[in-house]
Amino acid sequence: MTDETLNQRQMTHGDVDVSKREAVFEGFFKVERLSLRHRLFRGDWSPVFQRELFIRPDATCVLPYDPDRDEVVLIEQFRAGALGREQAPWLLELVAGIHDKDEDPVEVARREAEEEAGLTLGEVEPVLSYLVSPGGSDEFVHLYCGRVDAAGAGGIHGLDEENEDIRVHVMPAQQAIDLIGTTRVNNAAALITLQWFAAHRSALRQKWLGQ
């Protein structure tokens, strides 16, 4: 990127005009159709066009890590979005949950750690936040690594009313890191967080153990 590009005017929310927003589907999730136009880089405005948008609340994902045992916890559950792929639709993932309205991401991490893995989070370290697929969805995900005591962790967890059937896996930290690049872990939140963890594991362990 050149200095000239960096100095060019940056677009803002004021450069988008949404003239119509209508719900086209409302179920477990929601889809809206937007009629909109936006300012073009050359300065004038685009024609009005339509985009369907998958509406989903923010979500938080957390990688539970026990620095004393140098172990991490991953969960396994069925995911309909993986149907039709070569792999079976039971994925290794981070602990995760959707936000209630105005809920703090760290509180979501703590709640979901209890519900999905039977774990109590101690210190929580932010990783990053990102838009999952902004071409067609407004979903925004917050990623964390949280300190836990993994001794005795395992078993089957989840809420019956949410049709959750979650198996907990405890494994050495390096074994989890070695899953990067394999088909066993191929969802974005887990890959991003495990890559971050691989780069920060030593410093994080030193910080949490005070060594």
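The values are calculated or read from the model by the stated rules, or taken from the named source; none is laboratory data. Owing to the predicted nature of the structure, the values given are computational and were not obtained by experimental measurement. A quick note on method: Cβ atoms are made from the backbone with ideal geometry, for glycine too, and the neighbour counts reach across all protein chains shown. Keep in mind that these areas ignore ligands, DNA and RNA; they rest on the heavy atoms of the full protein, side chains included. Shrake-Rupley method; radii C 1.70, N 1.55, O 1.52, S 1.80 Å.
Under Stokes-Einstein, with the Kirkwood radius over Cα pairs standing in for Rh, what whole-number D in µm²/s applies to region 1-114 at 20 °C and 1.002 mPa s?
Translational diffusion coefficient: 115 µm²/s.
Considering only C-alpha atoms, what is the centroid distance from region 118-169 to region 180-202, in Å?
14
Quick check: pseudo-label points 7 Å beyond the Cα along Cα→Cβ at Asp160 and Arg111, how many nm apart are they?
2.1
FRET efficiency for Arg167 and Ala188, Cβ-Cβ distance as r, R0 = 25 Å, nearest 0.05? Intermediate values should be presented prior to the final figure.
On the way: r = 21 Å, r/R0 = 0.84.
My answer for the efficiency is 0.75.
Antiparallel DSSP bridges in the chain: what percent, to the nearest 5?
Numbers: 42 of 50 bridges.
Taking every DSSP beta bridge with both residues in the chain, the antiparallel ones total about 85 percent.
Distance between the C-alpha centers of region 54-82 and region 7-53? Whole Å please.
Distance between centres, Cα-based: 32 Å.
For the chain, what does the helix formula give at 222 nm: sum of -39500 (n - 2.57) over DSSP H segments with n ≥ 4, over the residue count, nearest 500 deg cm²/dmol?
On the way: 4 runs with 44 residues, N = 211.
My calculation for the chain gives -6500 deg cm²/dmol from helical runs alone.
In region 102-195, which GluC sites (Glu not before Pro) fall in coil by DSSP and have 16 or fewer other Cβ atoms within 10 Å?
Glu103, Glu123, Glu164
Taking a ≥ b ≥ c as the square roots of the Cα gyration tensor eigenvalues, with a/c under 1.5 meaning rounded and otherwise prolate when a/b beats b/c, else oblate, which class fits region 93-211? Write out the running numbers ahead of the final one.
Details: a/c = 1.32, a/b = 1.14, b/c = 1.16.
Cα axes put region 93-211 in the rounded bin.
Using a 1.4 Å probe on the protein chains only, how many percent of the accessible area of the chain belongs to carbon and sulfur?
C and S atoms contribute 50 percent here.
Under 14 Å Cα to Cα from Lys207, which aspartates and glutamates show up? Leave out anything in the same chain fewer than 8 places away.
Candidates past the 8-residue exclusion: Asp66, Asp68, Asp70, Glu123, Glu125.
Among rounded, prolate and oblate, which fits region 24-88 when a ≥ b ≥ c are the square roots of the eigenvalues of its C-alpha gyration tensor, a/c under 1.5 means rounded, and a/b larger than b/c means prolate?
On the way: a/c = 3.09, a/b = 1.99, b/c = 1.55.
In terms of gyration-tensor shape, prolate.
Hey, got a sec? Which trypsin sites (Lys or Arg not before Pro) in region 1-109 land in a DSSP loop and have at most 14 other Cβ atoms within 10 Å?
On the way: sites: Arg9, Lys20, Arg21, Lys30, Arg33, Arg37, Arg39, Arg42, Arg51, Arg69, Arg79, Arg85, Lys101; in loops: Arg9, Arg42, Arg69, Arg79, Arg85, Lys101.
Here the trypsin sites (Lys or Arg not before Pro) that fit, given the DSSP loop and packing criteria, are Arg9, Arg42, Arg79, Arg85, Lys101.
Using a cut-off of 26 Å between alpha-carbon atoms, which lysines can reach Lys101, once sequence neighbours fewer than 8 places away in the same chain are excluded?
Here the lysines satisfying the reach criterion relative to Lys101 are Lys20, Lys30.
Where Rh is the Kirkwood radius over the Cα pairs of the chain, the temperature 4 °C and the viscosity 1.567 mPa s, what D in µm²/s does Stokes-Einstein return? Don't skip to the end; give the middle numbers.
Details: Rh = 19.4 Å.
The Stokes-Einstein estimate is 67 µm²/s.
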